[in-house]
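Working notes, beginning with the structure itself.
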Amino acid sequence: MTSPQQFPIDPTVRAEVSRIWREWIGMDPSLPEVEREAQIDREAARLTQLIEEIVGDSPHGFLMQQWRAEHPGQDPDHQTTVALIETAWRSARSRVLETELYPQLSAEDQQRTEDEMQELGEDSALQAQRLKDVGDPERWRTAMVEPTELATRIVNRVWGTAGSLEFQELALALVQQRLEDDLPTPTTGADPLREELESMIDAELNRQRNKMF
């Protein structure tokens, strides 16, 4: 997940601006590539600024109030605060893309984009179902599961907002797979099974990081 403190321009936003402008809207082919890149940078910077304005102090507002309501008498530690900020940033990013970038597409282009996203989603769901049918024990590592409300409730109860976005996503995938495979899942944060699953998730995160370098 991108943090506004880490990047002046959110790279996810920039990648989406580049995709939409190059693949769908089109850019002036007579312009040098450096100028086209500069135009993309300027738009991505504008959208990133809008995200920053939306986020504002929200991690210390309604998100913080919600966290404290769920954890009476406690104050979130640094890691939890970072997670709250990441959640607010991710939500604001989606809002800005939907209100500022995607409306730049024509109605026809928007429909084609929606059709592509639906097709990708259907393909992913079919692949997840195939892996579930054959009982693939590794499918949680690639998020090839369809999380249910029950899995979400378990993750929220056991881990709350602790951990990075990547940790939360893997935790949700792992819990969902264990539900599907009739394996035990932790019931509270004090459940010994929590540490066992955390070790699995941390090992997978380390494997993914090492694979990148």
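The values are calculated or read from the model by the stated rules, or taken from the named source; none is laboratory data. Predicted model, so just to flag it, every value in this text is computed and none were measured. So basically every Cβ, Gly included, is an ideal-geometry build from the backbone, and we count neighbours across all protein chains shown. Accessible surface is based on the protein model in full, side chains and every heavy atom, while ligands, DNA and RNA are left aside. Shrake-Rupley method; radii C 1.70, N 1.55, O 1.52, S 1.80 Å.
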Subject >> Residue that is modelled with the lowest pLDDT, among those in the range 123-161 that are in a loop (DSSP other than H, G, I, E, B) and among the β-branched types (V, I, T) >> reply: V134
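Taking the residues in the range 16-41 that are aliphatic (A, V, I, L, M), open to solvent by less than 60 Å² (accessible area, probe 1.4 Å) and out of contact with any helix residue (DSSP H, G or I) (no Cβ under 7 Å at 6 or more places or on another chain) as candidates, determine which candidate is farthest from R90 (Cα to Cα). Break it down stepwise before answering.
In the first step, residues of the range 16-41 are kept if they are aliphatic (A, V, I, L, M); the result is 17, 20, 25, 27, 31, 34, 38, 40.
Next cut, open to solvent by less than 60 Å² (accessible area, probe 1.4 Å) only: 17, 20, 27, 31, 38, 40.
With out of contact with any helix residue (DSSP H, G or I) (no Cβ under 7 Å at 6 or more places or on another chain) added as a condition, the list becomes 31, 38.
Working: L31: 33, A38: 24 Å.
The extreme case among them is L31.
Which of the following residues is under 30 Å from E23 (Cα atoms), part of a helix (DSSP H, G or I), at pLDDT 70 or above and in contact with a Leu (Cβ under 9 Å, 6 or more places away or on another chain): E169, E100? First the steps, then the outcome.
Values: E169 fails: in contact with a Leu (Cβ under 9 Å, 6 or more places away or on another chain).
On inspection, the qualifying residue turns out to be E100.
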Original post:
Cβ-Cβ below 9 Å, separation at least six or inter-chain, first residue in the range 140-160 and closer than 19 Å to D202 by Cα and of a type in the set (S, T, N, Q), second open to solvent by 90 Å² or more (accessible area, probe 1.4 Å) and part of a helix (DSSP H, G or I): which pairs?
Top reply: N156/E70
Original post:
Restricting to the range 134-159, what's the tally of residues that are of a type outside the set (A, V, I, L, M), touching a helix residue (DSSP H, G or I) at 6+ places or on another chain (Cβ under 7 Å) and under 17 Å from E198 (Cα atoms)?
Top reply: 5
**OP:** Residues being in contact with a Gly (Cβ under 8 Å, 6 or more places away or on another chain) and open to solvent by less than 40 Å² (accessible area, probe 1.4 Å): count how many of those fall in the range 138-193.
**Re:** 5
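Restricting the search to the range 151-170, which residues are of a type in the set (S, T, Y) and more than 19 Å from D75 (Cβ to Cβ)?
So the first thing to find is which residues in the range 151-170 are of a type in the set (S, T, Y), and the list is 152, 161, 164.
Scanning the range 151-170 gives T152, S164.
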